[in-house]
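Asker: Mind having a look at this structure? Questions to follow.
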Amino acid sequence: MVPNMNSNTKYLECVISKYRDLDELTLLAPIAIYDLSQVVAFSSKQYKQARGVQANEGSSGLPDELGQYFKSQSLKEQEDIISTKTSSYSINFNYYDGIVQPYTTYKKPLINPDNDEAVGLYVELRKILYTNLKFSILKALNVYDFSVNTNFRKYNLSKREKQVIFLFIHGLTSQEIASVISTAEKKTISKSAIDAVFANQLRIKFDVYTRDGLYDKLINLGFYQIIPQDLMVNIKLPAGHIDVY
């Protein structure tokens, strides 16, 4: 066991040394290397910029616990990656470069080729531009007369109105919207409260008389392109494949 441990330690140190040298020569992508105790052993300059103090070497590298996110989830995921020697790819909504925005996370085990043992974890982040494929296709097919430069701020929307608009655009009913917000905020929100947002607030602000009219106007204005920030924080989604038929 001791020779293997020594070999693994030296291999990890060698890998880190090479990445550190490369990071001095050129700006590497936002990457980090964790040791088996799940502590950041190396983080590139870009990784530090993207994640701030959470990227400091010697830290856990994990975001704060907020909403539905707990650090134990990431720790368990990373343990599984190392133990099964399989990679993981996910889409995250969290703080990146100081603001909440979507980015991808690619994680894979670092394997010592001399003994086929995992010696650490490689993590790479990539900022992505948000796009809703469904509405992008409808736009390309000229189904809606999409607005190009909508000033969303002029509508002075409340936090609740933003939540309702986002969930409504994506096909949820008042009851479903109430259930989602209740879960997110850990308090009971009734269907009637959501109905009141539609009837007394959104229809007036957007000068429409029906939900169908509201839906069409929201899509035309481009509200499908934006996400309420409070719904984005600390969300992780598995990245899957899109099938066509």
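Asker: Any chance segment 19-41 includes a residue that's in contact with a Leu (Cβ under 8 Å, 6 or more places away or on another chain), over 14 Å from residue 121 (Cβ atoms) and among the basic types (Lys, Arg)?
Answerer: no
Asker: Please name all residue pairs, on different chains or six or more residues apart, with Cβ atoms under 7 Å, provided the first residue is in segment 198-222 and is closer than 18 Å to residue 163 by Cα and open to solvent by 50 Å² or more (accessible area, probe 1.4 Å) and the second residue is in a helix (DSSP H, G or I) and not small (Gly, Ala, Ser).
Answerer: Sorted first by the residue in segment 198-222, then by its partner, the pairs are 201/161; 203/214; 205/155; 211/198.
Asker: Also, quick follow-up: Would you please name the residue that is modelled with the highest pLDDT, looking only at residues in segment 223-232 that are surrounded by 14 or more Cβ atoms within 10 Å (Cβ to Cβ) and part of a helix (DSSP H, G or I)?
Answerer: 223
Asker: Still on this structure, please answer the following. Can you name every residue in segment 118-138 that is open to solvent by less than 100 Å² (accessible area, probe 1.4 Å) and modelled with pLDDT of 70 or more? Before the answer, list the steps.
Answerer: Step one: list which residues in segment 118-138 are open to solvent by less than 100 Å² (accessible area, probe 1.4 Å), which gives 118-125, 128, 130-133, 135-138.
Answer for segment 118-138, where residues must be open to solvent by less than 100 Å² (accessible area, probe 1.4 Å) and modelled with pLDDT of 70 or more: 118, 119, 120, 121, 122, 123, 124, 125, 128, 137.
The values are calculated or read from the model by the stated rules, or taken from the named source; none is laboratory data. Since the structure is predicted, the reported quantities are computational estimates derived from the model, not experimental observations. Note that we place each Cβ from the backbone using ideal geometry, even for glycine, and neighbour counts take in every protein chain shown. Just so you know, the surface numbers come from the protein's heavy atoms only, side chains and all, with ligands and any DNA or RNA stripped out. Shrake-Rupley method; radii C 1.70, N 1.55, O 1.52, S 1.80 Å.
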